[in-house]
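Please treat every number below as a calculation from the coordinates, not as lab data. All values reported here derive from a predicted model rather than from experimental measurement. For neighbour counting, all protein chains shown are included, and Cβ atoms are generated from backbone atoms with ideal geometry for every residue, glycine included.
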Amino acid sequence: MSILVILEQRGNLKICGLEAASASRKVAEASGMTLNALYLGRAFDENPSVLAGLGISTLYAYENEDLHYYSNERYVHILCELARELEAKVIVCPATAVGKELCASAAARLQIELAQDCVALDWNETLKAVKPIYAGKVISDVSFSKLPGLVSLRPNTAAIERRGEDLPAIVRRDMPLIPARSTILEVAEAMSGYVDLTEAKIIVAGGRGIGGPENWPVLQDLCEALGAALGASRAAVDAGWIDASHQVGQTGKVVCPDLYIACGISGAIQHLAGMRTAKIIVAINRDPEAPIFQFCDYGIVGDLLEIVPKLAGEIRNRRTN
Amino acid sequence: MIIAVLIKHVPDTASVLTISDDGKSLTLNGIKFVMNPYDEFAVEEAILLRERLGGEVVAVCAGPPESKETIRTALAMGVNSGVLISGTEQLAGRGLSMALAAGLATLSPDVIFAGKQAVDSDGSQISERVAELMGIPHASCITRFELKDGKAEVIREVEGGHYHLSFELPALFTTQKGINTPRYPTLPNIMKAKRATIKELSLSDLQIEPALLESELLVERLAPARRERRRQLIAGEPLAQVQKLYRSLQEEDKVL
Ligand SMILES: Cc1cc2nc3c(=O)[nH]c(=O)nc-3n(C[C@H](O)[C@H](O)[C@H](O)COP(=O)(O)OP(=O)(O)OC[C@H]3O[C@@H](n4cnc5c(N)ncnc54)[C@H](O)[C@@H]3O)c2cc1C
Ligand SMILES: Nc1ncnc2c1ncn2[C@@H]1O[C@H](COP(=O)(O)O)[C@@H](O)[C@H]1O
């Protein structure tokens, strides 16, 4: 009996996989099961110290050029075969775009239940998870009445905890032969150094209140000062001011950063749906009645075109002093 | 060509939800229900495909009798017919996808479109499960769809980039914002939709034993996600405001 955690890579191991491993370790300890990990990619050639102290007993690395990019058919096949071989009772995967798709397909193939995009995991006689529903308006505590069970864990919801320096054993395997009815024609990757919204620790987001696309540089400058990613409300996206990949909210991305700075965003329920689990929310809005002020930790009533540059300046000042 | 779309009847996202006394369910009386917003993109994409290549679009929904309203919305948008899979109110995840896959199999669709997520369960799994159960390939969250030489070519967004993929048919795709702009129902279609007969399939029609579909994921407790926020307004001159904000974020919250 064991727990299997999926370590996602995009060239390098993703942080959210290490978070998932830390959350899984707690379940492993409470249940007395061993923790194993799965890696799919070109080759596992990272410095093994990235896995030190995470409590992973064996890393199964499936290495093949054709595994570098996510392929649903190949990934699902390998995950399900390994889960059966290891008699995994609990499978944990980061809730990224590909992670969620992989989990859904694997759950169907293994004929088991799945809780997607959970914000906490626990073990008490069986696997338990905390899952937001209704666009995050309601929090559901769920329990698996039958195992194996599968969960995907929202990035930024678990801390990476290392104890000691222990390294996992590494078992390297090639890709088995897997018939496929889909092919990858092309993959367009973002520039290096790109921080995805769903994994960003800090997000600066702009809404209709920025006034027009010519004012993005004001927010981008704050992003640069903070090392933050840029988000947007649907109003800003629908106005054609920015690409839809920046949209936060029910129809956009669900994010969970340490700090979310909402600039010129009124705080509609569908926007809150995407950022309500952020640890700290700051709102900058010139309307003191804006609903976002009911849902922030700090609020500044004022013109964002005045406040945001001052904030960026203050951050740069403090950092250089 | 037969094009199927999966649509779900869900509470309007702006509704105020109350948790029932049992602490495990929601009181949904008096709440306005609508077609799941993501499924509107799926319906639109299915109709666009039919407009280009001919064929027939069938909307499939599992749920209580009231779900017929959502099927009528799809008919009013322009789908040809609708199927309600009844007796499925209590189902979720594994069981719900088994019922839907069995219902879809009776239609032998060439292409299936679905939404990327239902806004009630936030489940993000039914459509992918359906594809797997039907033994057909699929891609989630596509933002472009084209048929070329009998194959489907799609763009699928992931964090930090996108994939251009090609699929043999039949295949299933989940749609999201960006793929199209869903049309509004037209008056003649609304009238036609009111009169249309909606086919019903029960689990026994599909020869499924209901006990096999029971959920193995139990809800123990629901709570409103009302994490209290500090709601501290920072007053003063702009420079003083940002200085105070910086200090709080750094010293108290340690997020900088
Ligand atoms: C099914 C559905 C799904 C949706 N999904 C999403 C989603 O995913 N994400 C999303 O964001 N929305 C979504 N929406 C839309 C949502 O309801 C709101 O319309 C949208 O969030 C409003 O965007 P906004 O706050 O930028 O604009 P507004 O509501 O127009 O707010 C602009 C704010 O800027 C302030 N402002 C103006 N000028 C300044 C200035 N100079 N300085 C400071 N403040 C200023 C104003 O006081 C105002 O509060 C969805 C709606 C529906 C029905
Ligand atoms: N009861 C249902 N009837 C028809 N389609 C559904 C149903 N539940 C989910 N779906 C489809 O599956 C998608 C994803 O749902 P979910 O996995 O619940 O987030 C939805 O957008 C619908 O297209």
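For the range B:1-132, the calculated P(r), taken from all Cα-Cα distances in 5 Å bins from zero up to the bin holding the longest distance, is 2, 11, 21, 24, 21, 11, 6, 3, 1, 0, 0 percent. Taking A:159, A:200, A:180 as the candidate residues, the one with maximal mean-square fluctuation in a Gaussian network model of chain A, Cα springs under 10 Å, is A:180.
Under 5 Å between amide hydrogens, built in the peptide plane, is the criterion, and for residue A:90 it picks out A:2, A:4, A:149 among residues at least 5 positions away or on other chains. Measure nothing but the geometry: give the 0 to 90° angle between the long axis through the Cα atoms of A:304-320 and the longest principal axis through the Cα atoms of chain A, rounded to 10°. The helix A:304-320 is inclined about 60 degrees to chain A. Per-residue 3J(HN,Hα) values for the range B:154-160, derived from phi via the Karplus relation 6.51 cos²θ - 1.76 cosθ + 1.60 with θ = phi - 60°, read 10, 10, 10, 7, 10, 4, x Hz in sequence order (x marks Gly and Pro).
Using amide H atoms built 1.01 Å from N in the peptide plane, name the residues 5+ places from residue A:261, or on other chains, whose amide H lies under 5 Å from its own. Counting only residues 5 or more places away or on other chains, the set is A:203, A:204, A:205, A:282. The modelled label-to-label distance between residue A:146 and residue B:31, using points 7 Å beyond Cα along the C-beta direction, is 2.8 nm.
Estimated purely from DSSP H runs of n ≥ 4, each contributing -39500 (n - 2.57), the mean residue ellipticity at 222 nm for chain A is -8000 deg cm²/dmol once divided by its residues. Which stretch or stretches of the range A:193-213 have amide N atoms under 16 Å from the point lying 7 Å from residue B:231's Cα along the Cα→Cβ direction? The answer is none, because no backbone nitrogen lies closer than 16 Å to the label point.
With a ≥ b ≥ c taken as the square roots of the eigenvalues of the C-alpha gyration tensor of chain A, please select rounded if a/c is under 1.5 and otherwise prolate if a/b is larger than b/c or oblate if it is not? Because a/c hits 1.5 or more and a/b exceeds b/c, chain A counts as prolate. Please work out whether the range A:193-265 counts as rounded, prolate or oblate from its C-alpha gyration tensor, where a ≥ b ≥ c are the square roots of the eigenvalues and a/c under 1.5 means rounded, while otherwise a/b larger than b/c means prolate and anything else oblate? It is oblate, given that a/c is not under 1.5 and a/b is not larger than b/c. Is the protein assembly as shown rounded, prolate or oblate when judged by the Cα gyration tensor, a ≥ b ≥ c being the square roots of its eigenvalues, rounded requiring a/c under 1.5 and prolate requiring a/b larger than b/c? Because a/c hits 1.5 or more and a/b fails to exceed b/c, the protein assembly as shown counts as oblate. Basic side chains Lys and Arg get +1 at the Cβ, acidic Asp and Glu get -1 at the Cβ, and with that the dipole of the protein assembly as shown about its Cα centre reaches some 880 debye. Across the options A:198, A:31, A:106, the greatest Cα extent toward the positive end of the charge dipole of chain A (unit charges at beta carbon of Lys, Arg, Asp, Glu) belongs to A:31. In whole Å, what is the distance between the alpha-carbon centres of the range B:135-209 and the range A:167-226? Cα centroid of the range B:135-209 versus Cα centroid of the range A:167-226: 26 Å apart.
Running a GNM on chain B with Cα contacts under 10 Å, which residue among B:172, B:53, B:201 ends up with the highest mean-square fluctuation? Comparing B:172, B:53, B:201 in a Gaussian network model of chain B, the most mobile one is B:53. For the protein assembly as shown, the share of DSSP beta bridges that are antiparallel, to the nearest 5, is 35%. For the range B:1-159, the antiparallel share of DSSP beta bridges with both residues in that region comes to about 45%.
To the nearest ten degrees, helix A:216-226 and the longest principal axis of the Cα atoms of chain A are 60 degrees apart.
Hey, what angle do you get for helix A:97-110 against the long axis of chain A, alpha-carbon based, 0 to 90 degrees rounded to 10? Approximately 30 degrees, to the nearest 10. Scanning residues 5 or more positions from residue B:82 or on other chains, those with amide H under 5 Å from its amide H are B:59, B:199, with H placed 1.01 Å from N in the peptide plane. Counting Cβ atoms of other protein chains within 10 Å of each residue's Cβ and taking the mean over peptide A:141-147 gives 5. Averaged over the residues of peptide A:154-163, the number of Cβ atoms from other protein chains lying within 10 Å of each residue's Cβ is 0.
Residue by residue along B:235-246, Cβ atoms of other protein chains within 10 Å of the local Cβ number 6 on average.
Computed on chain B, with alpha-carbon pairs under 8 angstrom and 6+ residues apart, the relative contact order is 23 percent. Note on residue B:202/residue A:50: beta-carbon distance plugged into 1/(1 + (r/R0)^6) with R0 of 51 Å gives a FRET efficiency of 0.45. Bridges between two residues of the range A:2-174, per DSSP, are antiparallel at a rate of about 30%. Summed over qualifying helices (DSSP H, 4 residues or more, each -39500 (n - 2.57)) and divided by its residue number, chain B shows a 222 nm mean residue ellipticity of -8000 deg cm²/dmol.
The range A:128-154 and the range A:7-68 have Cα centres lying 22 Å from one another. Which of A:220, A:111, A:270 moves most in a GNM of chain A, Cα contacts under 10 Å? So, out of A:220, A:111, A:270, the one fluctuating most is A:111.
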